[in-house]
Every structure is written in structure tokens, then in C-alpha cells.
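To start, the structure itself, in C-alpha cells.
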Amino acid sequence: MSDLRSAVKAKMPLTMGETIALAKEHNTRVVDVVLVENEISTGLPREELLNRVMDEYAHNLKAVELGVTEGNSFLLGNVASQLREKGPGVCFKEEFLDKALMYTVGAEIGNHCIGMRPCAGTGDSCPYTGYIRAMMDTGVDAKTIAEIAALMLKIGGLFRVGKVTTGCNMEGFGAGSACVAAATVALEGGTPEQMEKAMVLAMSPTIGVPCTPRVLVPALCTTHVGGAILIGMYAARICMAVDMNVNVPFDVMLSMASLVHVASAKNIVPTVVEYMEPFFQRTAAVESLVSQEVRDAEKKQIEETLKKAGEISKKLAEGAGNVLSTFGDAVVGGSSQAVGSPTNCGRIAHELLNEGEKVRKITVELYPELFARRTINIPGVLMGAVYGASTADHEMYEKAVDMVKADGVEVEIVEGHEPSIQKVTLVTDQGNTVQVDSLNRGGGRLVLRNAVPSLEKAQEAAKRLGIVVVQ
């Protein structure tokens, strides 16, 4: 332990990546590294440190108790006490999971009654405290509870620094998911490597998610914050059950999340506010302090928003078709957007070749996201454009790159910078040029913008092939 102490002291303050690396190097638990770092920074012996950690949660545990008993929230009512009255197994048959969810909802209600001590925000304090209370209820020993409570505070503290604006991505959902994943691995005896993988997996669905919908709209908060319990526990258990290849370091995921968090606040939150504001819970007392002119303007804006929402919904319905024409063709490569749509662009180009012509050169232009994912989409584009294979041809997908090389086809892959662009240009052995200029859409669909020899022929080709072309 003295060697560990020296190593920790030399690198303080520790990132989670460094914390996990030290746990691996010294063949110890991640929790031990966290505790050693805090023993050094606080000057407290471990037993006292753990006692003080639980003191940090005292108010929040009180809020949980209130939430599952007589507490009542202006957004969530008394749903936690209803769950408690129904007994265990209301949502899930696993006792620990069900209790963790119930107590997390209880924490949210308690937060609206007496407040919660915030970490990155009060949102992530809810799953932290709900998880701890579930451990208390299911017979976990006090020392283990305190250790895991400290682990969550270590991780939560990183999110607390990273959260600089609005965003559940760095609070209840994002921070909560990562902490619950780590806590579950620690509680169930997983390895440091499994913990890092689990935190990365748990964070992934939370990147960019705003918290605005749950601020004033009834009920939405439950799936944001409760989702942290579900995703965190699932990520932990799958990483402990199987050898999954997760190659993103946690420090990289957290760094990215902190930057996306700011972008989300600027670019996503305004739209969320616009469409959720009609459903914000308001109180007559506060509204009486706002001028009638302002309230009238807000009412008009809300009416316009609801009208726009109705128009958008109708367009979606008109484009959806019937239930027998919903699925597109199968797509190999794992993504109908990253593989299916560019492959279909290539298939259309192949259809425009004259009979008997062979491709001698192919140029593929892909917008940055698709260019970065070229490992999975280029085989598809090549098999579609050079050989006319469908998106479902898994055998051709596996050998397309080798076939193109063997056939002496020159391949040029270009990073385009126009949003959604995917353009395929073919030069044949007869010196002719074929080109399809399209925009990527999910589900294997695309927008046809231009084509050589003609856009009309490209549209006819898409129709023959059953490729969905959208506006």
C-alpha cells in the first residue's frame, strides 16, 4: 500500500483514467486508489474518511425518505410513495434494481420538497442517493456502501467541473449513468478494466442529451434520472459478463462529453424549450407577477409552436407509408445511414453504366462523419458501384475491397465538406464518366441532387432498384 500511496501522490489530482491505471498497476481495487488519494488530500485516516463520506449524503438520504413517504412534488406528485406501497417488483422483478429506481424517484420528489445537495447538479445526486439507499435496504455492509459512495463522489466531482451550462448529459443522465456503472462493477466484484468499459458504455447514450425537458414538464424527469440506474447497471453487467471490445478511454469520453455539453446548450436546448414550453408547469402566484402583455405574447407563441408541431407530425405520417412497406432492404456493415445510403448511391451509379462497360476508376466523396467511418462504408460503396451488389450481399461485402484490387480498379476516397454529401464518380474502360451526386439519409435512403448522364435516368434507376429517394 505504501507503493500505491507514493504513486498516487506523484500524480495527484487523478483523472479516472489515471485512477484505473494505478488500480491495474498495483493489482488493487479502483475504490482503494480513490480512497488513498482522498486520505492524502484530506489528511484523514480511512475509517474517518468513510464516515465523513456518509455524512456528505445525510441530507440527500433524508430527502429520499421524505420522497418515498409523505413527499409531494409539483412535477411528480407522490409516485414514489405509490411505488413503495405496492411493494417490491413493481417495475422489475430484481429487488435491487427495483429499489434503486424507486429511491431515485423518491430523491427527485424529495429534491422538490427540501432540496438535494448538488454534485454536477441535483439531477445526478438523485441516482447516487437512490443507489446508496438501495444498498442499505438489501443488506450491503456499511463499509462497502461508504466505499462505493466515495467512488461515486470521485466520478461525480469530475462532472461537477465539466458542467458549465444546462445539460442532463453532464448531470443526472450522463454523470448518473457513469457513476452507477462504476458502482455496480465495484459492488459486484468486477475488475478495473471492466469498470472503465462500463463507464464508457453507460455514458455513450447520454452525450448531448439536454435536461431542459425535465425542468418544468411533469414526469419527464423520471426517465432521464431513472435511466441512469438502468443504463449504468446494464453497462456494468454486460461488461462483467462478456469480453467486450470497448476501446475508448473514459477520459476521452468525458472530455468529449464536456465539449458536446456546451454545443448542446447552444444548438439543441433552444429547440427543446420551444417545443416543451407549452407543457411547462406554471403556478398562478408567479404568473400573477408577469404582465398580461408578456403572457399574451407567450400564449401566441405557444399556439404557433403547437401548430408547427402538428404540421411536422402530419408530414411524417404522410411519408411513413403502411406497415408492409416500412423496413428497407437489409444492410450489411452495421448502419443503414453510414453504409446503406452511400452503398445505394453506388448502386444507382452502377445502373447508369452502359452494357458491357467495366469500371476502371471510382472516386467516392463522403462528408466528414462518413469519411471517418470509411472502414465500414467503403466496402459497401465498392460492391454497389463496381459490381452492382445489393446492400444485403454480405458475402460480396466481405470481399469487395480485395476484388477491386484484383481487378485493377483505381480507388480514390475524398473527404467532402458539404453536409451529408455522398458522391460517386465512375470512369469506365470506354472512357465514359458516370456520376451520382446525393445526400445521405437514414434507413438506406438518399436525396438525388444530380447525375451524369442525367438526373432522370438516376431516378429511374433508383425506382428499379427499390431505393427510397426523399426530398
Measure up 361/423; 154/266; 154/197; 358/399; 24/163; 361/399 against 21 Å on the Cα-Cα distance and list the ones that go over. 154/266; 24/163
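Pull up the DSSP beta bridges for the chain and report the antiparallel fraction as a percent, rounded to 5. Please report the intermediate quantities before stating the final value.
Working: 21 of 28 bridges.
Within the chain, antiparallel bridges account for around 75 percent of the total.
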Using the heavy atoms of the protein chains alone and a 1.4 angstrom probe, what is the accessible area of the chain per residue in square angstrom? 48 Å²
Reviewing [x] 137; [y] 194; [z] 166, the figure for volume of the Cα convex hull per residue in Å³ actually calculated from this model sits under [y]
Residue 58 and residue 41 label points (each 7 Å along its Cα→Cβ direction) are spaced in nm at 2.2 nm
If we sort 229-236, 71-78 on the protection proxy, mean other Cβ atoms within 10 Å, highest first, what's the order? 229-236, 71-78
Spelling out what I want: for every residue of the range 440-455, take phi, set θ = phi - 60°, compute 6.51 cos²θ - 1.76 cosθ + 1.60 (Karplus), and round to whole Hz; glycine and proline get x. 6, 9, x, x, x, 8, 7, 9, 8, 9, 7, 7, 10, x, 7, 5
Protein-only accessible surface order, largest first, of 154, 361, 405 at 1.4 Å: 405, 361, 154
With the dipole of the chain worked out from charges on the C-beta (+1 for Lys and Arg, -1 for Asp and Glu) around the Cα centre, which of 220, 21, 379 lies farthest toward the positive end? 220
Helix 2-11: inclination vs the chain longest Cα principal axis, degrees, rounded to 10, gives 60 degrees
Which cysteines does the chain leave without a neighbouring Cys Cβ under 4.7 Å? 91, 113, 119, 126, 179, 221, 239, 345
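Report the FRET efficiency, 1/(1 + (r/R0)^6), for residue 470 and residue 244, where r is their Cβ-Cβ distance and R0 is 51 Å, rounded to 0.05.
0.90
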Please give the helix 46-56 orientation as an angle from the longest Cα principal axis of the chain, in degrees from 0 to 90, rounded to the nearest 10. 80 degrees
Could you derive backbone 3J(HN,Hα) for the range 417-427 from the dihedral phi with the Karplus parameters 6.51, -1.76 and 1.60 (θ = phi - 60°), listing whole Hz in sequence and x where the residue is Gly or Pro? 10, 8, x, 6, 5, 9, 10, 10, 10, 10, 10
Taking θ as phi - 60°, what are the ³J(HN,Hα) couplings along the range 280-297 by the Karplus curve (6.51, -1.76, 1.60), each to the nearest whole Hz, with x for Gly and Pro? 5, 6, 10, 10, 4, 4, 5, 4, 5, 8, 9, 5, 4, 4, 5, 5, 5, 5
Cα axis of helix 95-114 to longest principal axis of the chain: angle in degrees, 0 to 90, nearest 10? 70 degrees
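For the chain, give the percent of accessible area contributed by carbon and sulfur heavy atoms, probe 1.4 Å, rounded to a whole number.
54 percent
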Set the Förster distance to 60 Å, then compute FRET efficiency between residue 286 and residue 191 from the Cβ-Cβ distance, nearest 0.05. 0.70
Remind me, what semi-axes does the range 14-155 give for its equivalent ellipsoid, largest first in whole Å, using sqrt of 5 times each Cα gyration tensor eigenvalue? 30, 16, 13
Residue span residue 299 to residue 317: 0.36 nm per residue of separation minus Cα-Cα distance leaves a gain in nm of 3.8 nm
With contacts defined as alpha carbon pairs under 8 Å and 6 or more residues apart, what's the relative contact order of the chain in percent? 10 percent
Using alpha carbon centroids, what distance separates the range 161-225 and the range 382-437, in Å? 41 Å
Cβ-defined net charge surrounding residue 365, 10 Å radius [Lys, Arg +1; Asp, Glu -1]: -3
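The values are calculated or read from the model by the stated rules, or taken from the named source; none is laboratory data. Everything quoted here is computed from the prediction, not taken from an experiment. Note that we place each Cβ from the backbone using ideal geometry, even for glycine, and neighbour counts take in every protein chain shown. Ligands, DNA and RNA are stripped out before the accessible areas are found, and what is left, the full protein with its side chains, is counted by its heavy atoms. Shrake-Rupley method; radii C 1.70, N 1.55, O 1.52, S 1.80 Å.
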